[in-house]
1. With a 10 Å cut-off between alpha carbons and a GNM built on the chain, which of 227, 175, 70 moves the most?
2. Give me the Kirkwood hydrodynamic radius of region 130-174 in Å, from all C-alpha pairs, to one decimal place?
3. Counting only DSSP beta bridges with both residues in the chain, what percent are antiparallel, rounded to the nearest 5?
4. Most exposed first by the Cβ proxy, i.e. fewest other Cβ within 10 Å, how do 129, 161, 118 rank?
5. Can you pull the one-decimal nm distance between simple spin-label points at residue 202 and residue 121, each 7 Å off the Cα toward Cβ?
6. To the nearest 10 degrees, how steeply does helix 4-15 sit against the main Cα axis of the chain, on a 0 to 90 scale?
7. With a/c under 1.5 counting as rounded, go ahead and sort region 81-168 into rounded, prolate or oblate using the C-alpha gyration tensor (a ≥ b ≥ c being the square roots of the eigenvalues; past the cut-off, prolate if a/b is larger than b/c, else oblate).
8. Over the chain, with a Gaussian network built from C-alpha contacts below 10 Å, which listed residue (127, 202, 107) shows the highest mean-square fluctuation?
């Protein structure tokens, strides 16, 4: 060891303290982007589940083949991110139950902030959603509407989503209630379930579920189609209080 100390001292003298104390003085990314995913057929924000759908972005400022990033969309159809590098981005809503849409190119995102909304056409609307409680038995009913029927993928199933907080949907639910007993298994193309006019179902779909007394739940219904993402079109969320 006594021969090692002079060698180490010589290295410190030759290299100096600067080589091991470099300071990263780059600013943290702080460019901001926000907006909404809008149902083009209603003009209202899409009803989604927290963090399930995304906006894929590619920063095109410095590379022709950038790695993609995904921005999470909130359950009210809005998104927000303030940790991006300033630059020009291509953007595409994805992971949602809507007809494929086009990429939006050359969106300038900077520190001042950018608002970028997107319009999409959902595969289906979950309408006339109702939740009725009798004792501890919850009855859920809904109907379906199809804004576009030509080429609509197979409708796979209808399910309830039940949670103990307002974040409720395919990515946020109580697993106990998410089972094949609590679903309507359709596996049909739209002409087999649509009415004579072709854009909605006539008779409501219904499910009965036993809840636990003394608990508060948030519930909604969803329908899944057999597309690339097998995502869900969802109803609004309702609060259910089960008495003791």
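1. Highest fluctuation of the listed residues: 175.
2. Kirkwood hydrodynamic radius for region 130-174: 13.2 Å.
3. 90 percent
4. Going from least to most buried by this count: 129, 118, 161.
5. 2.6 nm
6. Relative to the chain, helix 4-15 is tipped by roughly 80 degrees.
7. Oblate, since a/c reaches 1.5 and b/c is not below a/b.
8. So, out of 127, 202, 107, the one fluctuating most is 202.
Any read-out appearing in this document is the output of simple, stated calculations on the displayed coordinates, not a laboratory observation. The structure presented is a predicted model; accordingly, all values stated were derived computationally and were not measured. Cβ coordinates were reconstructed from backbone atoms using ideal geometry, including for glycine residues, and neighbour counts include every protein chain displayed.
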